[in-house]
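These notes are about the structure you will find just below.
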Amino acid sequence: MAKLGEGDERWIVSDRADGTNVNQWHWQERDCLEWCKDTLARSFDGKEVAVDEAKARVVFAAAEVTGEAYINTRKGKLIAGFELKVEIPFEA
């Protein structure tokens, strides 16, 4: 590690007073749980599925989603992660 003031001038990520993450180099994490809840609820709410063997239709109600979902950024790369519990009530 270089001493203070002896760093390489080619180093593109410097300490910034405004705290900007230059080129998304440093680790960032964004919470995506609300987006997942909205997307899954829209995807299943009121949908009907025909079951061939039983000759029945299944109607889904709104999905309940708990857990965590996030997107991490490190060195300009996106890393998605999730651990969700999805409960979808239905009527047959």
- [ ] Could you list which residues have their amide H under 5 Å from that of residue 47, counting only those 5 or more apart in sequence or on another chain, with H placed in the peptide plane?
- [x] 60
Open item on the list: If you count only protein heavy atoms and use a 1.4 Å probe, how large is the accessible surface of residue 44, to the nearest 10 Å²?
Closed with: 70
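The values are calculated or read from the model by the stated rules, or taken from the named source; none is laboratory data. Bear in mind that the values here come from a model prediction, so they are computed numbers and not experimental data. In case anyone asks, the SASA skips ligands and DNA or RNA and just uses the protein heavy atoms, side chains included. Shrake-Rupley method; radii C 1.70, N 1.55, O 1.52, S 1.80 Å.
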